[in-house]
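The values are calculated or read from the model by the stated rules, or taken from the named source; none is laboratory data. Remember, predicted model here, so these are calculated numbers, not experimental data. Reconstructed Cβ throughout: ideal geometry from the backbone, glycine too, with neighbour counts over all protein chains shown.
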Ligand SMILES: [Zn+2]
């Protein structure tokens, strides 16, 4: 029979503490339950059987020993206690997985899950740890038993992320992948955010590569939904993000980020990485123009000195609105946010065939220059 996984989303509405922030308040129990529900569906599609340790609709926090006893009574093979972490220092972030102090058997599944979470979240690896936690104590002698802490909700940036659906997806996907890896089960398509295999019909010269979107402004708001009023927290100059898709919100362009957050697409504030490390004489005018936009050559006289005899040509690009937008569109294509295939990309960009040919030429030029 397939393995039975008992999911244990920590806490409940009546648990003291285990919440932070305001407008909205982050409740750990609610986050844990969202992740547990998503994970249960994903595990089922991977062929596992699942139960919960407690009633997910109850406001009452079932005791730790009773949660464990429910898993023992059901004869579960694996107990997964789902949590996010707290720390007195709001700067602390990172991911950790616990097994019981005396458990040996649970070490390998804990390592598989911790590895999957680190790959998914890319936060500090705080490792697999041992503790005499109640739910682990109540289960470790009867089944494999782990407790996961994705990140710290006491950190404002982590907390804003945890309030987005992107976090629930990421956490449930990471747990799914770790559990599948431990049992040697292949991950179902619903649990994969891995890129689809590239289509063989796509010409090699149109490889879109990858581009990160970088913040140019000193401080810039990100949003937890596609709504200019949904300001969540500020990011700083130089921070970089992976863009998922482009949206028009109240007539202005917004990017949805892979993290589930949203950011302006206004090129005054953000730009795709176009700065290429090479000797100055080998840089194209376009590369220098990108550097100018990234603020590397200053303004006015300083820019003239920095660019020397390239100033006129580079400034012409900077001053050309049309060239700007072709370059931005090309970088969006390279970032993958306009999909695959020329016709799809052209429609997604909403431009004429003639304009698309310019974008395509720019994409190829960028691919060759890297
Ligand atoms: Zn907790």
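Values computed for the structure shown
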| item | result |
| --- | --- |
| Residues satisfying the stated conditions in the range 20-45, i.e. more than 21 Å from residue 86 (Cα to Cα) and either in contact with a strand residue (DSSP E or B) (Cβ under 7 Å, 6 or more places away or on another chain) or buried (at least 20 other Cβ atoms within 10 Å of the Cβ) (or both) | 38, 39, 40, 42, 43, 44 |
| Scan of the range 1-35 for residues that are on the phi > 0 side of the Ramachandran plot and within 26 Å of the chain's Cα centre (by Cα), ordered by number | 11, 18, 21, 23 |
| Identity of the residue in the range 75-128, on the phi > 0 side of the Ramachandran plot, assigned to a loop (DSSP other than H, G, I, E, B) and more than 16 Å from the ligand (Cβ to nearest atom), that ends up surrounded by the fewest Cβ atoms within 10 Å (Cβ to Cβ) | 122 |
| Test: residue 192 is under 20 Å from residue 167 (Cα atoms), at pLDDT below 50 and surrounded by 14 or more Cβ atoms within 10 Å (Cβ to Cβ) | yes |
| Residues of the range 347-370 satisfying the condition of being more than 21 Å from residue 212 (Cα to Cα) and in contact with a helix residue (DSSP H, G or I) (Cβ under 9 Å, 6 or more places away or on another chain) | 351, 352, 353, 355, 356, 358 |
| Some residue of the range 64-74 being closer than 14 Å to residue 148 by Cβ, touching a helix residue (DSSP H, G or I) at 6+ places or on another chain (Cβ under 9 Å) and within 15 Å of the ligand (Cβ to nearest atom) | no |
| Search result, residues across the range 151-172 that are within 16 Å of the ligand (Cβ to nearest atom), out of contact with any helix residue (DSSP H, G or I) (no Cβ under 6 Å at 6 or more places or on another chain) and part of a helix (DSSP H, G or I) | 158, 159 |
| Check on residue 303, modelled with pLDDT of 80 or more, part of a helix (DSSP H, G or I) and closer than 20 Å to residue 217 by Cβ | yes |
| Candidate set from the range 5-19 (those that are within 12 Å of the ligand (Cβ to nearest atom) and surrounded by 20 or more Cβ atoms within 10 Å (Cβ to Cβ)); member that is farthest from residue 153 (Cα to Cα) | 8 |
| Single match in 148, 139 (criterion: touching a residue at least 40 places away in the same chain (Cβ under 8 Å), buried (at least 22 other Cβ atoms within 10 Å of the Cβ) and assigned to a strand (DSSP E or B)) | 148 |
| Residue 69, sole failed condition from (1) over 21 Å from residue 126 (Cβ atoms); (2) surrounded by 15 or more Cβ atoms within 10 Å (Cβ to Cβ); (3) in contact with a strand residue (DSSP E or B) (Cβ under 9 Å, 6 or more places away or on another chain) | (3) |
| Residues being buried (at least 16 other Cβ atoms within 10 Å of the Cβ), closer than 21 Å to residue 180 by Cα and in contact (Cβ under 8 Å) with a residue 60 or more places away in the chain - total across the range 46-66 | 3 |
| Residue 61 within 15 Å of the ligand (Cβ to nearest atom) and in a loop (DSSP other than H, G, I, E, B) | yes |
